[in-house]
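Here the structure comes first, spelled out in C-alpha cells, and everything after it is commentary.
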Amino acid sequence: MPTIITHALVGAAIAAAGQPRPVSGRLCAAAAVCAALPDLDVVTFAMNVPYGNLMGHRGLSHSLVAAAALATVVSLGAGLKARRHTAPGAGVSWGRAWTVLFLATASHGLLDMCTDGGRGVAILSPWDTTRYFFPWRPIAVSPIGGQFFSPRGLTVLFSEIRWVWSPTATALAVAWLIRSRWARE
C-alpha cells in the first residue's frame, strides 16, 4: 500500500480539482480522510483475520462498494454545506460532494493495485472477492507500523514522490488552468 500520507494527499487533490473556486477546505479535508480510511482494516491483523478474508486487509474496505457507502455517509452527515441544487459560489452540491468523496475513497484501492507487494485488492467485492493488481506496479509497497520509520520507509516515500505526488501535482495544476481558462470565457 502507499503510505497514509500519499492516500490523503491524492484524496485532497481530487477534491481540489473537482470543485469550483473558492475550494472548500472542509471537502478537501473530508476527501483526504476518506482516501486514507480504508487502511483502518489493518486492525484485522491483530484480530487474526486472514489476509485473504473478505474482511481482511485490502478486502471489502478497499472496494468500490465501500467507497460508495462511505461517500454517501460522509456527504450526508459531514456538514459540507452540500445542497441538492446550489447557486454558484454558495457551496458544493450534494452530487458533486458525493462524487468527489467517492473518487477520493476509490483512489485508495486503485493506488494499492499499483504497488509491488501484498496479495492484491478486492476492488470488486463483495460480488467478486478476487484480489487484483494492475499489470504495471511501479509504487513500492509501504511497510506497516513502526517499520515505516526505517530506510525502507524512506525508499517508499521517494517512490511515491516519483510515481504519485509529482503526477498528482501536475494533474491538479492542469485542472486549475483549464478551470481558470473556462471561467474567463
Q) Considering only segment 121-151, how many residues are in a helix (DSSP H, G or I) and loosely packed, with under 14 Cβ neighbours inside 10 Å? A) 4
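Okay, residues lined up against (1) more than 20 Å from Leu103 (Cβ to Cβ); (2) modelled with pLDDT of 95 or more; (3) assigned to a loop (DSSP other than H, G, I, E, B); (4) in contact with an Asp or Glu (Cβ under 6 Å, 6 or more places away or on another chain):
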| site | (1), (2), (3), (4) |
| --- | --- |
| Arg21 | no, no, yes, no |
| Ala35 | no, yes, no, no |
| Tyr51 | yes, no, yes, no |
| Leu54 | yes, no, yes, no |
| Ser61 | no, yes, no, yes |
**Q.** Qualifying positions in segment 1-14 - of a type in the set (A, V, I, L, M) and modelled with pLDDT under 95
**A.** Met1, Ile4, Ile5
Q) Restricted to segment 18-42, and to residues that are small (Gly, Ala, Ser) and within 14 Å of Gly109 (Cβ to Cβ), which residue is surrounded by the fewest Cβ atoms within 10 Å (Cβ to Cβ)? A) Ala36
Q | Phe45, sole failed condition from (1) touching a Ser or Thr at 6+ places or on another chain (Cβ under 9 Å); (2) surrounded by fewer than 21 Cβ atoms within 10 Å (Cβ to Cβ) | A | (1)
(Q) Here is a check on your reading of the model: is Ala97 within 18 Å of Ile123 (Cβ to Cβ), in a helix (DSSP H, G or I), of a type in the set (Gly, Ala, Ser) and at pLDDT 90 or above? (A) no
Q) Within segment 98-118, is there a residue that is charged (D, E, K, R), touching a strand residue (DSSP E or B) at 6+ places or on another chain (Cβ under 7 Å) and within 19 Å of Ala31 (Cβ to Cβ)? A) yes
Q: Working carefully through the options Ser166, Ser142, find the one that is among the hydroxyl-bearing types (Ser, Thr, Tyr) and free of Cβ contacts under 8 Å to residues at least 24 places away in the same chain.
A: Ser166
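The values are calculated or read from the model by the stated rules, or taken from the named source; none is laboratory data. Here the structure is a predicted model, which means the values were calculated and not measured. Positions of Cβ are generated from backbone atoms using ideal geometry, with glycine treated the same way; all protein chains shown enter the neighbour counts.
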